[in-house]
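Colleague: For reference, the structure I am asking about is given below.
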Amino acid sequence: MKNVALALLVFVLAACSSEPAVFEGTTYGQPVSLTERTDISAIAHNPTEYLGKDVLVEGTIVEICTSMGCWMDIASDREFEKIQIKVEDGVIVFPVSAKGRQALVEGKVEELDQTVDQAKAHAKEMAEEKGVAFDSTAVFESTKIYRIRGVGAVIAE
Amino acid sequence: MAGRKKGFQWRRWNNLIHRDLGYLCVGLTVVFAISGIAVNHRADWNPNYDIQNTIEPLEQILDVEPGSSDFNKAVVDQLDFSGEIRGSFRQSPTEVDIFMEDITIKVDTENWEAAIESIKARPILRETNFLHLNEPKKWWTYMADVYAVSLLLLATTSMFMLKGRKGIKGRGKWLTLIGVAIPLVFLLIYF
C-alpha cells in the first residue's frame, strides 16, 4: 500500500512538472513534449541565440508544401513575419488542407547557409512546390535562412 | 494398397502459395503501382492535388484595415465565395492572404487584384499516394512490410513453378538473369 501511494505521488509530481502544452488537434510525428512556447518573433529577432535549441512555437499555417507536405510556414506573432518548419520527407506529411489552421510545432532551430547558386535552386524548388512561376532573371545573393527542423506537430481541427 | 510413396510435394505447395498470394496481392499491387507511376513523375506535375490559379480584379476596400475580419469578408463577398474564413495573414503592408477551405485568396492592395489558389485532391491518386507514401503510419507500416515480404515470396516461388524447358533450368534462367541485370546496369550508369 505504501509503495502504491509512493508511486502515485511520483506520478502526480511528474505530471505536474512536465505537462505537455495543451492543444487539441491531430498529431503529426512525435507527440509534443516541451511545455514552454517560444515566440516566433523572438527566434526571428535573434536566431543565433536559438540555433540548435529545441523550441515549441505556435501560429497560423500560412503555406504548405503541396508536393510532398514536407514543409510549412507558420505566421509569427509579429506582423509580416513567418518561419518555415521543415520535416524529413515522408516521415511527417503535413496536409495541404490545413492551410489557415492553428499549429503547435516542436523542433530544433537550424541555419541554412546558402551560396548564390543554392539560393537560386532553393527559390526554384519553392516556386515549383507552390505551383507558381519561377523568375529565372531575378538576382540572388548568398544568404542565411533560419528555420525549424520539426519533429512533431499538432494541427487544430 | 500398392503405390508410390509420396514425399513432401514442394512444387505443389510452391505453386499453391504463388497462386493464392498472387490473388491476395492484387489490390495492394494496384495501389502501389498506380501511385508509383504518379509519384515517379512528380517533377512534372503534382500527383496529389490539382491546383488552379486565377486572378480577379477587386474593387477598392478603403474603409477597413487590410487583414481585419471586415476586410476579409468584403473580399470574399466580392468574389462570391461562401464558407468559413479560417483566418488571414499579412505577407507585407500591401499583401493579405485569406484562408478558406481549400482556397487561398492573395489580395494585392496596391493593384487591387486577388490571386485565387484553389486546391482539389485528385481522386484515387490522393488515396493511393496516401497509402504508398505511408502517411497513415501505425498499422499500415506493418501491412506494407507484409506486402513487401509477399512480393519476395511471389518472386521466389515464380522461379520454381514449372519444370523443364520453360522452367528455371530452361528459358527461366535467362529471363531471371535479365531481370537481375536491369537494376545492375542502371546502377553502373547512374550510381
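Colleague: Within the stretch B:57-69, is even one residue over 30 Å from residue B:114 (Cβ atoms) and part of a helix (DSSP H, G or I)?
Modeller: No, because not a single residue in the stretch B:57-69 is over 30 Å from residue B:114 (Cβ atoms) and part of a helix (DSSP H, G or I).
Colleague: Then there is this: Please tell me if residue A:87 is more than 13 Å from chain B (Cβ to nearest Cβ), closer than 13 Å to residue A:151 by Cα and under 11 Å from the mean Cα position of the chain (by Cα).
Modeller: no
Colleague: To continue, here is another question. I'd like to know if the stretch A:87-109 contains one or more residues that are in a strand (DSSP E or B), more than 17 Å from residue A:58 (Cβ to Cβ) and not hydrophobic (A, V, I, L, M, F, W, C).
Modeller: No, the stretch A:87-109 contains no residue that is in a strand (DSSP E or B), more than 17 Å from residue A:58 (Cβ to Cβ) and not hydrophobic (A, V, I, L, M, F, W, C).
Colleague: Given the residues B:131, B:153, which is the only one that is within 14 Å of chain A (Cβ to nearest Cβ), in contact (Cβ under 8 Å) with a residue 24 or more places away in the chain and not in a strand (DSSP E or B)?
Modeller: B:131
Colleague: Say whether the condition of being in contact with a strand residue (DSSP E or B) (Cβ under 7 Å, 6 or more places away or on another chain), within 25 Å of residue A:68 (Cβ to Cβ) and outside the structural domain of residue B:144 (by TED's automatic domain parsing) is met by at least one residue in the stretch B:53-70.
Modeller: Yes, there is a match, as at least one residue in the stretch B:53-70 is in contact with a strand residue (DSSP E or B) (Cβ under 7 Å, 6 or more places away or on another chain), within 25 Å of residue A:68 (Cβ to Cβ) and outside the structural domain of residue B:144 (by TED's automatic domain parsing).
Colleague: Hey, can you tell me all the residues within the stretch A:60-84 that are at the interface with another protein chain (Cβ under 10 Å from one of its Cβ atoms), out of contact with any helix residue (DSSP H, G or I) (no Cβ under 6 Å at 6 or more places or on another chain) and over 15 Å from residue B:135 (Cα atoms)?
Modeller: Those that are at the interface with another protein chain (Cβ under 10 Å from one of its Cβ atoms), out of contact with any helix residue (DSSP H, G or I) (no Cβ under 6 Å at 6 or more places or on another chain) and over 15 Å from residue B:135 (Cα atoms): A:60, A:62, A:63, A:73, A:74, A:75, A:79, A:80, A:82.
Colleague: Considering every residue within the stretch B:84-93, establish whether at least one is small (Gly, Ala, Ser), over 28 Å from residue A:88 (Cα atoms) and more than 9 Å from chain A (Cβ to nearest Cβ).
Modeller: No, the conditions are met nowhere in the stretch B:84-93.
Colleague: Can residue B:83 be described as at pLDDT below 95, of a type outside the set (S, T, N, Q), within 33 Å of the chain's Cα centre (by Cα) and assigned to a strand (DSSP E or B)?
Modeller: No, not satisfied.
Colleague: Taking residue B:141 and the conditions (1) modelled with pLDDT of 95 or more; (2) loosely packed, with under 10 Cβ neighbours inside 10 Å; (3) in a helix (DSSP H, G or I), which numbered condition does it fall short on, given that it satisfies the others?
Modeller: (2)
Colleague: Only one of A:98, A:153 is at the interface with chain B (Cβ under 10 Å from one of its Cβ atoms) and either of a type in the set (A, V, I, L, M, F, W, C) or without any contact (Cβ under 8 Å) to a residue 24 or more places away in the chain (or both); which?
Modeller: Residue meeting the stated conditions: A:98.
Colleague: A further question follows. Please work out which residue is nearest to residue B:86 (Cα to Cα), limiting yourself to the stretch A:57-98 and to residues that are buried (at least 21 other Cβ atoms within 10 Å of the Cβ) and touching a Pro at 6+ places or on another chain (Cβ under 9 Å).
Modeller: Ranking the qualifying residues of the stretch A:57-98, first place goes to A:64.
Colleague: Taking the conditions exactly as written (at pLDDT 95 or above and over 22 Å from residue B:103 (Cβ atoms)), does residue A:52 satisfy them or not?
Modeller: The answer is yes for residue A:52.
Colleague: Can you tell me which residues in the stretch A:101-115 are within 14 Å of chain B (Cβ to nearest Cβ) and surrounded by 22 or more Cβ atoms within 10 Å (Cβ to Cβ)?
Modeller: If the condition is that a residue be within 14 Å of chain B (Cβ to nearest Cβ) and surrounded by 22 or more Cβ atoms within 10 Å (Cβ to Cβ), then A:103 is the only one that fits.
Colleague: Can you name every residue in the stretch A:72-86 that is assigned to a strand (DSSP E or B) and in contact (Cβ under 8 Å) with a residue 24 or more places away in the chain?
Modeller: A:72, A:74, A:75, A:82, A:83, A:84, A:85, A:86 - these are the residues of the stretch A:72-86 that are assigned to a strand (DSSP E or B) and in contact (Cβ under 8 Å) with a residue 24 or more places away in the chain.
Colleague: Further question: If we scan the stretch B:34-42, do we find a residue that is at pLDDT 95 or above, more than 8 Å from chain A (Cβ to nearest Cβ) and in a loop (DSSP other than H, G, I, E, B)?
Modeller: no
Colleague: Would you be able to say whether some residue in the stretch B:104-123 is among the hydroxyl-bearing types (Ser, Thr, Tyr), assigned by TED's automatic domain parsing to the domain that holds residue B:86, surrounded by 12 or more Cβ atoms within 10 Å (Cβ to Cβ) and without any contact (Cβ under 8 Å) to a residue 60 or more places away in the chain?
Modeller: Yes, the conditions are met somewhere in the stretch B:104-123.
Colleague: Let me ask you something else. Among the listed residues A:132, A:87, A:109, identify the single one that is touching a Cys at 6+ places or on another chain (Cβ under 7 Å) and aliphatic (A, V, I, L, M).
Modeller: The match here is A:87.
Colleague: Can you tell which of B:48, B:53 is among the polar types (S, T, N, Q) and either modelled with pLDDT of 95 or more or surrounded by 15 or more Cβ atoms within 10 Å (Cβ to Cβ) (or both)?
Modeller: Answer to the selection: B:48.
The values are calculated or read from the model by the stated rules, or taken from the named source; none is laboratory data. Please read these numbers as outputs of a predicted model, since none were measured by experiment. Positions of Cβ are backbone-derived with ideal geometry, glycine not excepted, and every protein chain shown enters the neighbour counts.
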